[in-house]
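Asker: Before I ask anything, here is the structure I am working with.
The values are calculated or read from the model by the stated rules, or taken from the named source; none is laboratory data. What you see is a predicted model, and the numbers here were worked out from it, not measured in a lab. Cβ atoms come from the backbone with ideal geometry, glycine included; neighbour counts cover every protein chain shown. All accessible areas refer to the heavy atoms of the entire protein, side chains included, with ligands and DNA or RNA removed. Shrake-Rupley method; radii C 1.70, N 1.55, O 1.52, S 1.80 Å.
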Amino acid sequence: MAGRSFLRGSTDESKERLLSRKGYSHSGGSEDGVKYRCFRSCSHSINGFWNGLQETSFKLYEMGRSDPRKVFFAAKMGFSLAIVSLLIFFKEPLRHASQYSIWAILTVVVVFEYSVGATLNKGFNRALGTFSAGALALGIAEVSTLSGKYEEVIILISIFIAGFCASYAKLYPPMKTYEYGFRVFLLTFCIVLVSGNNSRTFFATAFYRLLLIAVGAGICLVINICIYPIWSGEDLHKLVVKNFRSVASSLEGCVNGYLQCVEYERIPSKILTYQASDDPLYSGYRSVVQSSSQEESLLDFALWEPPHGPYRTFNYPWRNYVKVSGALRHCAFMVMAMHGCILSEIQAPPEKRQVFASELQRVGNAGAKVLRELGDKIEKMEKLSSGDILREIHEAGEDLQLKIDEKSFLLVNSESWARVPQFKEYEEPVSIIDVKDDETKVIKSLSDMWDIQNLNMGMDSRMPNLISTDSILQKPSWPRLSFTADAILNQQESKIYESASSLSLATFASLLIEFVARLQNLVDAFQELSEKANFKAPADQPVGKEVTGGFWDRLRSCFRSKN
């Protein structure tokens, strides 16, 4: 018994050892697994960070390569900060100004903008706000020191009044241009009064702050104007030219796409929500419609710029550029509506579009030609030639209108015209309620038939595109049926849908004619701009031959004219 108990005890001890080792091995394996997962997640994070850094670096490189002006702007900014810091290191001329040197650096950081006009605008606002706030703060400081024990009360009341008046005045729309000046005014006013009250150096605080701000603003202006200047007026000029070409491309694309019966299997949701999309027709006119805010911003900065380059006159008519672009945007709305006809649910049949194809194509090509010619004239800063630039497109528009009058029976149900006198003469008048009931029944039957057709076509491969989540149109509001479809329609339903689809063609043609009518306003705005900006005469128009050369050349030309 003793031997068995001893063997049983030894066996239990061995089992405990094995279990302890087994548990130790399991715990060690779990710790190794945790370490491996941590190492793997860290390596994935490092790889993701490195890949993102490479992608961002490549995009920054491409940005500088596509527009080198951004690289020059960054270099000029760093150069300005280095010069300001270098001037501050010279403590000998202004030994007591070192404690205020931060204002010169802040002025460079805040005032230095991308274009010359924006820098001048901010520099003027900062100088005006600093000077007016410093002068007013010095006056209030003198009054507060004379008041004795009420000094802090007067300072607090004046700060409240100044903050209220400046904050309220900058909300006035005409004061929007000087909003930054109001902010600088409040900052300077509070700093001069509070810091001057503590150190009793009101005048020194205001003087050195104004002086160092002038130094920083002067360095910004000199470097921004003298080293690779970037002009907002030039950017506005290029933007208007780009808008002309964008509308011309969209107009051609809409006309060609409509005549080629281009249809969207799935309308992108970005177009339906008026967001940026890769569609060239949509992005062309959308950039023009969306450019109004950019034009206003460039106009505000261009008005501050001095004469430069081809814009050598004072008070250059930059506002007329915005006016021309507004007239162009008025025409772009028609192109947007024509693109809406391509996106619409009710489409005209191809055979009817081909009847008006030559006239529609001619108007579209002539309209795009006019827009490109006006854009080229603005780019070259040339006036229009002596001929009528709208003659060709007016003739094309008249031909389109005559073709519509000639083939108007294709756009409406002409049979109903012939039956109207008979109904009036021999039959009782039909009530409006009965007509509406019949129309509702017809539309309901069409809608029911479309639902049945959708169920039968459930296995079609094109259906996922129609009900995709990328499109807001989950179900067409009107059935897109062809007249040669397999569905059996009765005669009344077919004629109703035929009339509705024909009206789509009439809508597209009328929008194109309206576009032609709006071009006259655009040409008038361009001519006003060319007169005020003193555009040069066109190259193909002789202005009178001027005799150049010496005496013998002029004498020889006189004899030739006599002969």
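Asker: Taking a cut-off of 21 Å, what percent of all Cα-Cα pairs in segment 50-164 are separated by more than that?
Answerer: On the way: 4142 of 6555 pairs.
I get 63 percent for the Cα pairs in segment 50-164 exceeding 21 Å.
Asker: For segment 163-232, what class follows from the C-alpha gyration tensor (a ≥ b ≥ c being the square roots of its eigenvalues): rounded when a/c is under 1.5, otherwise prolate if a/b is larger than b/c, else oblate?
Answerer: Cα axes put segment 163-232 in the oblate bin.
Asker: Something else: Taking a spot 7 Å from the Cα of Met175 along the direction of its beta carbon, which residues of segment 118-158 have an amide N less than 14 Å from it?
Answerer: 129, 133
Asker: Between Phe58 and Ser132, what is the FRET efficiency for a Förster distance of 60 Å, r being their Cβ-Cβ separation, to the nearest 0.05?
Answerer: After rounding to 0.05, the efficiency reads 0.80.
Asker: By accessible area of protein heavy atoms, probe 1.4 Å, what ranking do Leu81, Leu384, Leu529 get, highest first? Let's see the in-between values first.
Answerer: On the way: Leu81 55, Leu384 30, Leu529 0 Å².
Per-residue accessible area, sorted high to low, gives Leu81, Leu384, Leu529.
Asker: Heavy-atom accessible area per residue, segment 37-94, 1.4 Å probe: how many Å²?
Answerer: Heavy-atom SASA per residue in segment 37-94 reads 81 Å².
Asker: Using a 1.4 Å probe and ignoring any ligands, DNA or RNA, find the accessible area of Glu113 and quote it in Å² to the nearest 10.
Answerer: 50 Å²
Asker: Continuing with the same structure: At a 1.4 Å probe radius, which order do Lys403, Lys176, Lys369 fall into by accessible area, largest first?
Answerer: Lys176, Lys369, Lys403
Asker: Oh, and also: Which shape class applies to segment 301-369: rounded if a/c is under 1.5, otherwise prolate when a/b exceeds b/c and oblate if not, where a ≥ b ≥ c are the square roots of the Cα gyration tensor eigenvalues?
Answerer: Taking the square roots of the gyration eigenvalues as a ≥ b ≥ c, segment 301-369 is prolate.
Asker: Let me ask something additional. May I ask for log10 I(q)/I(0) of segment 133-263 at q = 0.11 Å⁻¹, from a Debye sum over the Cα atoms as equal point scatterers with solvent left out?
Answerer: Treating every Cα as an identical point scatterer, log10 I(q)/I(0) equals -0.63.
Asker: Any chance you could run the full-extension gain for Ala517 through Ile105? It's 0.36 nm times the residue separation minus the Cα-Cα distance, nm to one decimal.
Answerer: 142.7 nm
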